[in-house]
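The values are calculated or read from the model by the stated rules, or taken from the named source; none is laboratory data. Here the structure is a predicted model, which means the values were calculated and not measured. All Cβ positions, glycine included, derive from the backbone under ideal geometry; neighbour counts span all protein chains shown. Note: accessible area is taken over every heavy atom of the protein model, side chains too, but ligands, DNA and RNA are not part of it. Shrake-Rupley method; radii C 1.70, N 1.55, O 1.52, S 1.80 Å.
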Amino acid sequence: MHPPLPELTMQVAQVVPATEAEGPGRRFAVWFQGCPLRCPGCCNTEFLPFKGGETRTLASIVADLERADVEGITLLGGEPFAHSEAASALAAAARQRGLTVMVFTGYLLEDLQRRPDPAVVNLLATTDILVDGPYVREQPDTARRWIGSTNQRIHFLTDRYRADDPCWRMRNTLEIRVEKTGVTVNGFPAADAVGLWKGWTRTKRTQPGP
Ligand code: SF4
């Protein structure tokens, strides 16, 4: 029996219930709608406005999560820490269900640790892997899987994952789903394939960074 969920809504750009392209293992990935940062070269520009996307209740997202056969959740954006109340509640629910939590952020860990906001504190406290720092187009990372630029750091905030796991050195992958409502793309494309899906009906993807 899990603790009752807070009655929260969240603004999401996309949910992929099971992906192997957004962190170790199979993961339930949530892209938040809205980011206050403007990294040049961000390839998720449609996720930057805080208006748009879909308003989902925390309960409905967690119900989807409970149906998914995954080892953890990945929160991306948009900027998860700009949605920290909902993101921390979702992360807590994932942890209560024995799942791991990975978060991509454009902020630096040190700056987040200085924020007194309890939701930021709670989100950090329930994160196993934090990838931090803005995406820098001029410094593409070709060595580390899932990481957009070489300035970005991978923080293992718990011992549930390890830096020497070979998964961090495997090739990036791109997943394309054809659904009734259109095409969904997520993962990391080759550099010369970025944006190829522009113009498709309802396309979503990850940015090559937070
Ligand atoms: S790369 Fe990430 S942090 Fe930077 S503007 Fe895009 S969504 Fe925001």
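What the table shows:
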read-out: Low-density loop cleavage sites - trypsin sites (Lys or Arg not before Pro) in the range 1-44, where at most 10 other Cβ are within 10 Å (DSSP); value: 38
read-out: Exposure rule at most 16 other beta-carbon atoms within 10 Å, DSSP loop GluC sites (Glu not before Pro): the chain longest free segment; value: 139-210
read-out: Å² of accessible area per residue within the chain, as computed with a 1.4 Å probe and no ligands counted; value: 47 Å²
read-out: Where the Cα pairs of the range 1-113 fall when distances are cut into 10 Å bins, in %; value: 15, 48, 32, 5, 0
read-out: With every protein chain in place, the chain: carbon and sulfur % of accessible area (1.4 Å); value: 55 percent
read-out: Estimated inter-spin distance, residue 51 and residue 151, nm [label 7 Å along Cα→Cβ]; value: 3.1 nm
read-out: Most fluctuating residue given options 72, 98, 187, as computed from a GNM of the chain linking Cα atoms under 10 Å; value: 98
read-out: Relative contact order [Cα under 8 Å, 6+ residues apart], the chain, whole percent; value: 20 percent
read-out: For the chain, the fraction of alpha-carbon pairs in successive 10 Å shells from zero, as %; value: 9, 38, 40, 13, 1
read-out: Label-point separation, residue 115 to residue 18 (7 Å along Cα→Cβ), nm; value: 3.3 nm
read-out: Extreme residue, positive dipole direction of the chain, given options 41, 65, 98 (C-beta unit charges); value: 41
read-out: Percent antiparallel among DSSP beta bridges (both partners in the range 9-193, rounded to 5); value: 60 percent
read-out: Size of electric dipole in the chain: Cβ of Lys, Arg +1 and of Asp, Glu -1, about Cα centre, debye, nearest 20; value: 380 debye
